[in-house]
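Undergrad: Pasting in a structure now, in structure tokens, and then I'll have a few things to ask.
The values are calculated or read from the model by the stated rules, or taken from the named source; none is laboratory data. Note that this is a predicted model, so its numbers are computed, not measured. Heads up, the Cβs are rebuilt from the backbone with ideal geometry, glycines too, and the neighbour counts pull from every protein chain shown.
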Amino acid sequence: MNIPTRVLSINGSYRDDGITDQALAAVTRALTESGVDVETVKLREEDIRFCMNCRSCTQQPGEQPGLCVLEDSMRGIIDKIEQADAYILAAPTNFGSVTAIFKRFMERLITYGFWPWGANSPVFRKAQSITKKALLVTSCAAPGILGRLTYSTGKQLKMTAKLIGARPVGTLYTGLIAGEPNVRLPARTMQKAESLARRLY
């Protein structure tokens, strides 16, 4: 069993103590009890500007992410991504997709693409070295199985994992979470969250 030393959790929820925060807390608790250092980045608290699509970062060759011209929180987040051994990527479903703040974060991950002028499409820098693992966490108002089949949230979280060089090893998908204003994570889902943490080992 290969227990990761450092796990980076990327939280794309808008709300404090919502379902996403609760699910991440359950996964984090299970990991820390095994001696894993978990750092959480709450995107709602970060200064992440919109990608300008200038493609300056994509012109820089090599496996390491290119340097963005924007000087904001993403530089530090990219450093954390590079230093982590595994990831938890989380975003609830809003209008059938990840939240806008997670999408903005995703767009800035173009720095993981090598796309010189004249090429039709980028080459993902980490495509040949997907050695890390990632857990995906999401939720929706619809029943969970319907959310999986209908919404693009899961696909976008998987794409994010691939960009940063990680392989998804489990997904926590919680449905029917919009029936009341302050919904709590069901006990069964909490147990599943804790058991999923072991898949990062």
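Undergrad: Counting only residues that are surrounded by 18 or more Cβ atoms within 10 Å (Cβ to Cβ) and within 14 Å of Ile88 (Cβ to Cβ), how many does the stretch 157-170 have?
TA: 7
Undergrad: Can you spot a residue in the stretch 174-187 that is outside any strand (DSSP E or B), in contact with an Asp or Glu (Cβ under 7 Å, 6 or more places away or on another chain), crowded, with 20+ Cβ neighbours inside 10 Å and on the phi < 0 side of the Ramachandran plot?
TA: Scanning the stretch 174-187 turns up no residue that is outside any strand (DSSP E or B), in contact with an Asp or Glu (Cβ under 7 Å, 6 or more places away or on another chain), crowded, with 20+ Cβ neighbours inside 10 Å and on the phi < 0 side of the Ramachandran plot.
Undergrad: Might you let me know whether the stretch 80-103 holds any residue that is at pLDDT 95 or above, out of contact with any Phe, Trp or Tyr (no Cβ under 6 Å at 6 or more places or on another chain), charged (D, E, K, R) and within 30 Å of Pro181 (Cα to Cα)?
TA: Looking for residues that are at pLDDT 95 or above, out of contact with any Phe, Trp or Tyr (no Cβ under 6 Å at 6 or more places or on another chain), charged (D, E, K, R) and within 30 Å of Pro181 (Cα to Cα), one finds at least one in the stretch 80-103, hence yes.
Undergrad: Do you know which of the residues in the stretch 105-156 that are touching a helix residue (DSSP H, G or I) at 6+ places or on another chain (Cβ under 8 Å), basic (Lys, Arg) and assigned to a helix (DSSP H, G or I) is surrounded by the fewest Cβ atoms within 10 Å (Cβ to Cβ)?
TA: Among those that are touching a helix residue (DSSP H, G or I) at 6+ places or on another chain (Cβ under 8 Å), basic (Lys, Arg) and assigned to a helix (DSSP H, G or I), it is Arg148.
Undergrad: Going residue by residue through the stretch 31-52, is there one that turns out to be in contact with a Lys or Arg (Cβ under 8 Å, 6 or more places away or on another chain), closer than 18 Å to Ala187 by Cβ and among the aliphatic types (A, V, I, L, M)?
TA: no
Undergrad: Now, a different point. Please state which one of Phe95, Phe105 is among the hydrophobic types (A, V, I, L, M, F, W, C) and in contact with a strand residue (DSSP E or B) (Cβ under 8 Å, 6 or more places away or on another chain).
TA: Checking each option against the conditions leaves just Phe105.
Undergrad: Answer yes if at least one residue in the stretch 75-97 is surrounded by fewer than 17 Cβ atoms within 10 Å (Cβ to Cβ) and in a strand (DSSP E or B), and no otherwise.
TA: Yes: the stretch 75-97 contains one or more residues that are surrounded by fewer than 17 Cβ atoms within 10 Å (Cβ to Cβ) and in a strand (DSSP E or B).
Undergrad: Right, here's the next one. Taking the criterion of being over 15 Å from Ala134 (Cα atoms), loosely packed, with under 15 Cβ neighbours inside 10 Å and polar (S, T, N, Q), would at least one residue in the stretch 17-40 satisfy it?
TA: Yes, the stretch 17-40 has at least one match.
Undergrad: Test Asp47 against the stated conditions and say whether it is assigned to a loop (DSSP other than H, G, I, E, B) and closer than 20 Å to Thr174 by Cβ.
TA: no
Undergrad: Follow-up. Taking the conditions exactly as written (over 20 Å from the mean Cα position of the chain (by Cα) and farther than 17 Å from Pro116 by Cα), does Glu71 satisfy them or not?
TA: yes
Undergrad: Which pairs do you get when a residue that is within 16 Å of Arg104 (Cα to Cα), found in the stretch 53-72, comes within reach of a residue that is part of a loop (DSSP other than H, G, I, E, B) and β-branched (Val, Ile, Thr), reach meaning Cβ atoms under 7 angstrom, with the pair 6+ apart or on two chains?
TA: Filtered contacts from the stretch 53-72: Cys54/Val69; Asp72/Ile48.
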